[in-house]
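S.K.: Take a look at this one; I'll ask things after.
The values are calculated or read from the model by the stated rules, or taken from the named source; none is laboratory data. Because the structure is a prediction, the values reported are computed rather than measured. Neighbour counts run over all protein chains shown; Cβ positions are idealised from the backbone, glycine included. Ligands, DNA and RNA are stripped out before the accessible areas are found, and what is left, the full protein with its side chains, is counted by its heavy atoms. Shrake-Rupley method; radii C 1.70, N 1.55, O 1.52, S 1.80 Å.
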Amino acid sequence: MTNFDLNDNTTIPVTGFGVFMVPNNGPTEEAVTIALKEGYRLIDTAQAYMNEEAVGRGVKKAIEDNKEEFLNRVFTQSEIEYCEKRKNAKYQHYAARFASKEAIFKAIAGAFENKYELSWKDAEVINDETGKPCVRFLNNKPEELESIDISISHCKEYAVAYVIVTWLEK
C-alpha cells in the first residue's frame, strides 16, 4: 500500500477505508478498528449502509485499544480534555469531533495541491464562550479561506457534522 508522510511526521495510507456492503452484525467493527490502528484517516460510511452502529463500535474500540496513540494522532490536547470531561458521554463527543474533522478536511482539501499535506491536528474543534462549536486552524489554514462554520450533532448512537466554507474572491 502506498503511504504519504504528513507535515506532522505521521504516515497514512493513500486510500480510505469503505464499509459499503459490510453488514452491521458482520466484521465491520473489527475492520474499522484495524483500519484506524493501521493509520487510515478516512472511514467512508453512510446511513444508507445501515452499519453505523458497528462503525461507531469500531471507532470506540480503536480508542480503547490504542487510547493514547490514537487520541494523540487524531485529536489536539484541548479536544481530548473536552471529551474526557464528558465522562460516560465522552465517546459521543469523540465521535462528533471525528466527524467534524472529516467534514473540515473534505471542505478544504481542494485548496491544497496535495490534500495529504493535511494532518488530523491541523484543525481543532473548540467551543466559544456560548458553547457554539468553532474551527481553529493550528496549521495549514488555506490562504483563500474567508470563513468556516460548523454544526455538530450527536447522540448515543450517531454523530454528524456539517461544515460551510466561504472563500475569498480571487
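S.K.: For the range 70-116, go through all pairs of different Cα atoms, get the mean of 1/r, take its inverse, and jot down that Kirkwood value in Å.
M.R.: It works out to 11.7 Å.
S.K.: At 7 Å along the Cα-to-beta-carbon direction for both E129 and I164, put a label point, then send me their distance in nm to one decimal.
M.R.: Spacing of the two 7 Å Cα→Cβ label points: 2.4 nm.
S.K.: Give the longest segment of the chain that steers clear of GluC sites (Glu not before Pro) in DSSP loops with at most 11 neighbouring Cβ atoms within 10 Å, not counting the sites themselves.
M.R.: 1-112
S.K.: Considering the dipole of the range 62-136 built from charges on the beta carbon (Lys and Arg +1, Asp and Glu -1) around the Cα centre, which of W120, F75, C134 is farthest to its positive end?
M.R.: Result: C134.
S.K.: Now for a different question. Arrange the residues T166, T28 by how much accessible surface each exposes, largest first, with a 1.4 angstrom probe.
M.R.: Ranked list, largest accessible area first: T166, T28.
S.K.: How big is the dipole moment of the chain about its Cα centre under a simple scheme where the beta carbon of each Lys and Arg is +1, that of each Asp and Glu is -1, and everything else is neutral? Debye, nearest 20, please.
M.R.: In debye, rounded to 20, the chain gives about 460.
S.K.: Taking the Cα-to-Cβ direction at L138 and at Q77 and moving 7 Å from each Cα, how far apart do the two end points lie in nm?
M.R.: 0.9 nm
S.K.: Rounded to the nearest 500, what is the chain's calculated 222 nm mean residue ellipticity when only DSSP H runs of at least 4 contribute -39500 (n - 2.57) each, over all residues?
M.R.: Calculated at 222 nm, the ellipticity per residue is -11000 deg cm²/dmol.
S.K.: Just the accessible area per residue of the range 91-169, please: how many Å² with a 1.4 Å probe?
M.R.: Ligands and nucleic acids excluded, the figure is 56 Å² per residue.
S.K.: For the chain, set up a GNM with springs between Cα atoms under 10 Å and report which of G58, G26, G131 has the largest fluctuation.
M.R.: Highest fluctuation of the listed residues: G131.
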